[in-house]
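A.B. asks: Quick one: the structure is below, questions incoming.
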Amino acid sequence: MIDFLEKKENFKEFYAANIDNIHSAEKSFRNLIYLLLSNTQEFITPKIISRVKERNECIEKFNLKYRKEVEKSKKNYEIKDFITDLIGIRVICMYESDIEKVVDVVKENFETLDITNKTLQLLQKKDTFGYKGVHLDLKLNKERSGFKEYQHIAQYQFEVQVRSIVQDAWSEVDHKLKYKKSLSDKLQRRVINLAALFEMADREFDAIRLETKAEIEEKIKQEELLLKEKLDVGNFLNYCNSVFKDFVFEDYKVEGFIYEIVNLKELTIGDLKDAFEKHHELVERYKKYREDTYGDKMNPYTILRHTLYTYNSRIFQSLLFDLQRDNYSNWIANNP
């Protein structure tokens, strides 16, 4: 007959002899997973935490979960071989839809010993809500096991739990409700309702992210279409009123200014915006120089004339008088 007390002492000896190495493995595995999951544009880098299971907690887990079946088989065993989560790493994703992407990265970089999809298990049960996520039992693959920095820890397997931030919050709540199976039907129903709210929050969190992304993409698309519109009074005023907030543009002056520009070259509002964004700092420096040195005031029309001249001096040279061009060109030559 196999003596459980002997097996327990064996495990205690194993734990004491290896605990420093196990903590080293925990840190190395955690850091490796962080590097793998932070080197992608597919999802926001998850929060990653880890722990080493306490000795007595390991023994208690074996006693409750495996001992009866193992001793029934009358096969020799060691407790350590049943504690697959001695080293545990938790990956907490921002969104539920990131879980599958994270799992794919992890599976590509480690040897997968076992995988449990608790989300799939839960979905197969009607009228039931609870903890969701994916658990993977892993070890270093052959390639990494050969690296010098991993050789002393290559023998250890570890568990990775991948959850969304909402699933992680619910798992903490669910864990605290350790006596929920003994609750009355009424209270059990309230727990189920609470779990359903967490599940709904997870879906909504993800849905809002996707819809927000879609709205932003649509807005960018519309802005790109607007930038391709030919320069006219309406889009000129919309843009310039946002740039020169304290200046009042009069419609008839705007019409004349635009007419003068498009007679030289047909522009889109995007062309005007591009010219201003590329050259307004230079023109602003010149404007300050003229004000400080000569007391000249440059209104937005004059600023835009200088901006377009800087944008393409050959096409827009007539937007400035000869003296204005000479003064501006001399200043630029002395202020590269």
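A.B. asks: Would you pick out the residues in region 95-115 that are part of a loop (DSSP other than H, G, I, E, B) and out of contact with any helix residue (DSSP H, G or I) (no Cβ under 6 Å at 6 or more places or on another chain)?
C.D. replies: Correct list: empty.
A.B. asks: Follow-up. Being more than 16 Å from Asn299 (Cβ to Cβ), of a type outside the set (Lys, Arg) and out of contact with any His (no Cβ under 6 Å at 6 or more places or on another chain) narrows it down to one of Leu237, Leu225, so name that one.
C.D. replies: Testing whether each residue is more than 16 Å from Asn299 (Cβ to Cβ), of a type outside the set (Lys, Arg) and out of contact with any His (no Cβ under 6 Å at 6 or more places or on another chain) leaves just Leu225.
A.B. asks: Still on this structure, I have one more. When you look at Glu13, is it part of a helix (DSSP H, G or I) and free of Cβ contacts under 8 Å to residues at least 60 places away in the same chain, yes or no?
C.D. replies: Yes; evaluated as a whole, the condition is true for this residue.
A.B. asks: Spot the failing condition for Thr45; the list is (1) touching a helix residue (DSSP H, G or I) at 6+ places or on another chain (Cβ under 8 Å); (2) closer than 17 Å to Gln155 by Cα; (3) without any contact (Cβ under 8 Å) to a residue 12 or more places away in the chain, and only one is missed.
C.D. replies: With respect to (1) touching a helix residue (DSSP H, G or I) at 6+ places or on another chain (Cβ under 8 Å); (2) closer than 17 Å to Gln155 by Cα; (3) without any contact (Cβ under 8 Å) to a residue 12 or more places away in the chain, Thr45 is out only on (2).
A.B. asks: Going by the structure shown, is Val52 in the same structural domain as Tyr156 (by TED's automatic domain parsing) and touching a His at 6+ places or on another chain (Cβ under 7 Å)?
C.D. replies: Criteria met by Val52.
A.B. asks: If I filter region 26-44 down to residues being of a type in the set (Val, Ile, Thr) and not in a helix (DSSP H, G or I), which single residue comes out as farthest from the chain's Cα centre (by Cα)?
C.D. replies: Among those residues, the one meeting the criterion is Thr40.
The values are calculated or read from the model by the stated rules, or taken from the named source; none is laboratory data. Fair warning: this is a prediction, and the values are worked out from it, not measured in the lab. Glycine gets a Cβ as well: all are built from the backbone with ideal geometry, and neighbour counts include every protein chain shown.
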